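> This structure is in structure tokens; I'll ask about it shortly.
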Amino acid sequence: MIHSMTGYGKSVLQLPNKTISIEIKSLNSKSLDLNMRMPSIYRSKELDLRKTVAAKLNRGKVDFSLYFETNSEETQTNVNAAVVNKYINQLEAMSTGTKMQFLQMAIKMPEALSTERNDIDESEWGDIQKGIRNALDSISHYRLEEGKVLEADFTKRVGIISKLLGEVLEIDPERLKNVRERLNKGVSELKEKYDENRFEQELVYYIEKFDITEEKVRLQNHLEFFIKTLDSNESNGKKLGFISQEMGREINTIGSKANFAPMQKLVVQMKDELEKIKEQLLNVL
């Protein structure tokens with residue numbers, strides 16, 4: 001079962017003194033590109049968080065956000081009286097005004113207020129870790145559901161390519177007959193005598209160069225392998241990408257050998273379906 005790299009997960013924790021919100025968003029990327037935003041009090045846990053997220057999401061451009069709203073007075077803010085008084089004295093020496101005016105100005109000055117933050121409560125952090133796991137489970141489920149949509153689209157388009165390949169097989173005898181007739185006509189218009197046996201040998205050799213039997217077999221095998229890989233237990237977008245490249249190589253070779261307008265038209269349609277597959281593969285984990 002394939003997974004998309006596009007996803008969204010959220011978890012909200014209601015703790016006794018705060019509400020914790022965790023959001024995770026992801027888009028497609030060749031590797032893991034993880035951007036983390038969180039309050040400075042939790043920065044000491046960032047390395048462990050990165051390992052947890054990387055192990056779960058594997059690849060993608062991931063935005064991780066953790067923020068909180070306090071429900072009670074969690075921080076203790078104090079006035080630095082000595083600093084404030086020093087500011088007031090300097091202001092009084094510089095200009096005229098009331099004590100209250102100078103106090104209002106001084107309280108806004110740097111270091112006039114000091115805030116003491118508590119260290120991380122390990123019990124609280126344990127609850128936050130559960131919330132993070134819930135958010136990761138949520139985004140993983142989202143990725144799985146998006147993967148089902150992509151899988152259905154891939155299956156449909158591979159089926160279309162397989163159907164077009166069947167049409168190629170149907171018109172192949174007509175194509176070879178058309179090539180033979182054009183060569184015969186070209187030689188007859190020369191109005192020169194020629195060795196018919198030698199001409200027939202050269203004709204067979206020439207037609208063999210236009211033979212697409214091997215390409216048809218390989219393309220069918222690639223189509224079947226693509227579907228088999230879709231049905232595997234692990235999502236492997238890179239492997240599917242390699243298979244699609246091989247499919248494209250065989251389709252291009254058929255097109256270059258076709259030399260027959262109806263077949264070239266079918267090849268163009270196959271290329272169009274394959275390009276749509278390749279485009280969507282960029283989103284597969």
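The values are calculated or read from the model by the stated rules, or taken from the named source; none is laboratory data. The shown structure was predicted, so the numbers you read here are calculated from the model rather than taken from an experiment. Methodologically, a virtual Cβ is constructed for each residue, glycine included, from the backbone with ideal geometry; neighbour enumeration extends over all protein chains shown.
> Can you tell me which residue among 176, 169, 164 is without any contact (Cβ under 8 Å) to a residue 40 or more places away in the chain, farther than 30 Å from residue 39 by Cβ and in a helix (DSSP H, G or I)? Steps first, answer last, please.
On the way: 169 fails: without any contact (Cβ under 8 Å) to a residue 40 or more places away in the chain; 164 fails: without any contact (Cβ under 8 Å) to a residue 40 or more places away in the chain.
When all the criteria are applied, what remains is 176.
> Further, regarding this structure: Collect the residues in the stretch 255-277 that are assigned to a helix (DSSP H, G or I) and over 31 Å from the mean Cα position of the chain (by Cα), keeping them in residue-number order.
Those that are assigned to a helix (DSSP H, G or I) and over 31 Å from the mean Cα position of the chain (by Cα): 256, 257, 258, 261, 262, 263, 264, 265.
> Let me ask another. Can you report the number of residues in the stretch 13-26 which are touching a Ser or Thr at 6+ places or on another chain (Cβ under 6 Å) and not in a loop (DSSP other than H, G, I, E, B)?
The qualifying residues number 3.
> For residues in the stretch 20-50 being small (Gly, Ala, Ser) and loosely packed, with under 13 Cβ neighbours inside 10 Å, which is modelled with the highest pLDDT?
Of everything passing the filter in the stretch 20-50, 31 is modelled with the highest pLDDT.
> Being surrounded by 13 or more Cβ atoms within 10 Å (Cβ to Cβ), modelled with pLDDT under 95 and among the acidic types (Asp, Glu), is that true of even one residue in the stretch 138-158?
No, the stretch 138-158 has no match at all.
> Ok, one more. Residue 208 is checked against (1) in a helix (DSSP H, G or I); (2) closer than 30 Å to residue 38 by Cβ; (3) modelled with pLDDT under 75 and fails just one. What number does that condition carry?
The one condition residue 208 does not meet is (2).
> Right, another one. Could you please find all residues in the stretch 22-44 being among the basic types (Lys, Arg) and more than 15 Å from residue 135 (Cβ to Cβ)?
Residues satisfying the conditions are 30, 43.
> Exactly one condition in (1) of a type outside the set (D, E, K, R); (2) under 28 Å from residue 60 (Cβ atoms); (3) buried (at least 20 other Cβ atoms within 10 Å of the Cβ) is not met by residue 227; state its number.
(3) is the only condition that residue 227 fails.
> Quick one: in the stretch 247-270, of everything that is of a type in the set (D, E, K, R) and surrounded by fewer than 18 Cβ atoms within 10 Å (Cβ to Cβ), which residue is farthest from residue 161 (Cα to Cα)?
257
> Do we have residue 281 as touching a helix residue (DSSP H, G or I) at 6+ places or on another chain (Cβ under 7 Å), crowded, with 18+ Cβ neighbours inside 10 Å and modelled with pLDDT under 95 here?
no
> Could you give me the residue pairs with C-beta distances under 6 Å whose first residue belongs to the stretch 248-266 and is of a type in the set (Ser, Thr, Tyr), whose second residue is assigned to a helix (DSSP H, G or I) and surrounded by 15 or more Cβ atoms within 10 Å (Cβ to Cβ) wherever it lies, and which are 6+ apart or on separate chains?
253/215
> Quick one: count up the residues across the stretch 1-12 that are surrounded by fewer than 18 Cβ atoms within 10 Å (Cβ to Cβ) and either in a helix (DSSP H, G or I) or not β-branched (Val, Ile, Thr) (or both).
Qualifying residue count, the stretch 1-12: 3.
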